[in-house]
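Below: the structure, in structure tokens.
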Amino acid sequence: PLKGQTLRGLGYNHAVISARQDVQEPQAKSTSEYIACGEGFFEDFSTYHGRVFPRNDRWEDSYAYINSTWADSMISLGVATLDAYDQQGYPYYSADSRLVSSDTLTSLPFRFSGTPPAALYFSFFFQAGGRGDLPEGIIPDSEGVTGEDSLIVDFYDPADTLWIRKFYTLDNTQPHQFNIVEIPLSDTFRVDGFRVRFRNYTSLQRDILQGTDMGQFGNADMWHIDYIQIKTTAS
């Protein structure tokens, strides 16, 4: 910025708000009750063609922001971004806590055809920050502060009706690189009704009052998700 000027993040997500106003994607409950999964599943967000909400025949919520803007060196055109904006395009806020549970991206239940293969893996790529704001994690920010802006993946156990954490990271050390994660699916999860959920935590300043200069933290703490797969072989 020029001398005397300060750059601020956006106080809201224009694309999401415009899509809501245009009823681009009403996000009514999907007519699909499950995802058919023979020997695999693949989602790379490359067929959305400007649509900003997750497809409701695969995903049951609309918190993640589908875009081709904020990630760096994308594997394919399109990612799902988890950040500090809610599904209406405005910043998450909590008067009680600096760390706020924010976006989620939750799959519909999977239905396997016949007997699932003996070996199945759930995999995805993630990038911290990219062209957007870096989550506060391992790398200290400009003020030397580390944080707890985390990316989490949970698996749903249909038998016990429980979400189980399978992945957690604060790793923001490679903001311009996509990193692969592969998780074997045990017998517990190779069953009909299995689901997967991505979620993130974002950190806000305690002394910011709701409705005042929300832009300084709204467009922040970005995790980009791509190339989500269920597959029979590990990389």
Distance between the C-alpha centers of the stretch 126-172 and the stretch 46-111? Whole Å please. 14
Accessible surface of the stretch 49-207 [probe 1.4 Å, protein heavy atoms]: carbon and sulfur percent: 46
Fully extended contour minus Cα-Cα distance, from Gln177 to Ala119, at 0.36 nm per residue: 18.1 nm
Taking H as built 1.01 Å from N, whose amide H comes closer than 5 Å to the amide H of Ala84, not counting residues under 5 places away? Ala220
Scoring only Lys, Arg, Asp and Glu (+1, +1, -1, -1) among other residues with Cβ under 12 Å from the Cβ of Arg190 yields -3
Could you order peptides 57-65, 111-119, 194-202 by the average number of other Cβ atoms within 10 Å of their residues, highest first? 194-202, 57-65, 111-119
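Quick check on packing: order 221-229, 99-107, 70-78 by the mean number of other C-beta atoms within 10 Å, highest mean leading. Write down the numbers at each step before the final one.
On the way: 221-229: 24.7, 99-107: 20.1, 70-78: 16.9.
Peptide ranking by packing, descending: 221-229, 99-107, 70-78.
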Rounded accessible area per residue of the stretch 103-187, 1.4 Å, Å²: 46
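Report the local net charge at Gly78: Lys and Arg +1, Asp and Glu -1, summed over other residues whose C-beta lies under 9 Å from its C-beta.
On the way: positive: none; negative: Asp44, Asp226.
Charge balance near Gly78 sits at -2.
The values are calculated or read from the model by the stated rules, or taken from the named source; none is laboratory data. It should be emphasised that the depicted structure is a prediction, and the values quoted were computed from it without experimental measurement. Glycine also receives a Cβ, built like all others from the backbone with ideal geometry; neighbour counts cover every protein chain displayed. The accessibility values were calculated without ligands, DNA or RNA, using every heavy atom of the protein model including side chains. Shrake-Rupley method; radii C 1.70, N 1.55, O 1.52, S 1.80 Å.
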